[in-house]
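Student: Before anything else, here's the structure in question.
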Amino acid sequence: DVHVPAVLSCAAQIVIGAGVGGRFAAYTLREIARDGWLAALVGCVMALGALGGAIAFAPVAGADVSALFLAYLPGGAPELGVVALALMIDPAMVIAHHVLRVFLIVALLPTAANWARRGADGSGR
C-alpha cells in the first residue's frame, strides 16, 4: 500500500484545479451558462454508462464497483489517480482500467464508425 501525505495530495489537487480553472479564464458567464447545461447532461450520461460498465464488469474483474466506476469515468489519468489516492482506492488498478478503456475505445471506434456508416448508406458493404 502506498499512502501519499495529505499535504501532497492537496497540493496536487490545487495544481490540477488551477490548470482547469485557467482554461476557463476567458469565458464569460453567458458562455458558461450556454455551454454548461449541455456539458452537465453529457457528463451525467457518461457517468451512468461508467456505472453500468462497473456493475457489469465487477464480477469478472473481481474488483469493487466503486473502484471500477472511478476508472471508467471520463477524465484524465492524472486526475483519476489523484482522486483514487484521496479515496484510498488503488491508483494502479484505476489507471490500468482507465488506460484499457481508452485503448478499447480507440481500437474499436473505427470499426463502429464503419458499421454505422454502412447502415446509414444502406449499402451493406
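Student: Go through segment 90-99 and count every residue that is surrounded by fewer than 20 Cβ atoms within 10 Å (Cβ to Cβ) and within 12 Å of the chain's Cα centre (by Cα).
Tutor: Residues flagged as surrounded by fewer than 20 Cβ atoms within 10 Å (Cβ to Cβ) and within 12 Å of the chain's Cα centre (by Cα) within segment 90-99 amount to 2.
Student: So, one more: How many of the residues making up segment 1-15 are in a helix (DSSP H, G or I) and in contact (Cβ under 8 Å) with a residue 60 or more places away in the chain?
Tutor: Qualifying residue count, segment 1-15: 3.
Student: Being in a helix (DSSP H, G or I) and surrounded by 13 or more Cβ atoms within 10 Å (Cβ to Cβ), is that true of even one residue in segment 16-32?
Tutor: Checking segment 16-32: at least one residue is in a helix (DSSP H, G or I) and surrounded by 13 or more Cβ atoms within 10 Å (Cβ to Cβ).
Student: What pairs come up if the first residue lies in segment 62-77 and is in a loop (DSSP other than H, G, I, E, B), the second is open to solvent by 30 Å² or more (accessible area, probe 1.4 Å) and not small (Gly, Ala, Ser), and their beta carbons are under 7 Å apart, counting only those six or more places apart or on different chains?
Tutor: Ala63/Met93; Pro74/Met46
Student: Only one of these is among the hydrophobic types (A, V, I, L, M, F, W, C) and open to solvent by 40 Å² or more (accessible area, probe 1.4 Å): Leu68, Leu87. Name it.
Tutor: None of the others qualify; the one that does is Leu87.
The values are calculated or read from the model by the stated rules, or taken from the named source; none is laboratory data. Everything numeric in this text was worked out from a predicted model, so none of it was measured. Ideal geometry is used to build each Cβ from the backbone, glycine not excepted, and the neighbour counts take in all protein chains shown. Accessible surface areas use protein heavy atoms only, side chains included; no ligands, DNA or RNA. Shrake-Rupley method; radii C 1.70, N 1.55, O 1.52, S 1.80 Å.
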